[in-house]
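Here the structure comes first, spelled out in structure tokens, and everything after it is commentary.
Throughout, read-outs are computed from the coordinates displayed, never taken from laboratory work. For clarity, every value in this text was computed on a predicted model and none was experimentally measured. Ideal geometry is used to build each Cβ from the backbone, glycine not excepted, and the neighbour counts take in all protein chains shown.
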Amino acid sequence: MKRMLRIRSKAKREYVGAIDYYDSQQAGLGSRFSRAVEAVLDDLSDAPDRWPEIEPRVRQAPVPDWPFTAIFQTSSGTVGVIAVFHTSRDPQEWMGRV
């Protein structure tokens with residue numbers, strides 16, 4: 001059963017900022033990144049429990065071929081994306097959002 005996906009505003013800003021950055025580096029690169037993230041987000045709504053728990057009630061789904069990961073929590077029927085996070089950043093930043 002597909003769950004409803006909610007992307008928090010900070011996660012959305014990170015995501016859009018990364019798209020803009022990649023587009024500024026090379027035409028079309030932001031679109032490639034966006035498709036990869038959207039595929040991960042679609043997987044999250046289908047089967048969120050398949051991704052590893054990295055903190056109590058917090059899971060992580062890496063974005064294949066990109067240095068990003070989706071950090072999320074689940075509740076009854078909902079997947080809440082906390083961050084679309086570059087893996088070189090300090091995880092303390094997203095941990096404050098839980």
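Across all Cα pairs in the chain, the calculated P(r) in 10 Å bins from zero up to the longest distance comes to 16, 52, 28, 4, 0 percent per bin. Highest mobility in the GNM of the chain, judged by mean-square fluctuation with C-alpha springs under 10 Å and restricted to 73, 26, 60, is found for 26. How far is helix 29-46 tilted, in degrees, relative to the longest principal axis of the Cα atoms in the chain, given as a value from 0 to 90 rounded to the nearest 10? Rounded to the nearest ten degrees, it is 10. Against the main long axis of the alpha-carbon atoms of the chain, helix 9-25 sits at an angle near 30°. Once you place label points 7 Å from the Cα toward the Cβ at residue 27 and residue 88, how far apart are they in nm? With each label placed 7 Å out from Cα toward Cβ, I get 2.6 nm.
For segment 4-95, give the share of DSSP beta bridges that are antiparallel, in percent and rounded to the nearest 5; count only bridges with both residues there.
Working: 14 of 18 bridges.
Within segment 4-95, antiparallel bridges account for around 80 percent of the total.
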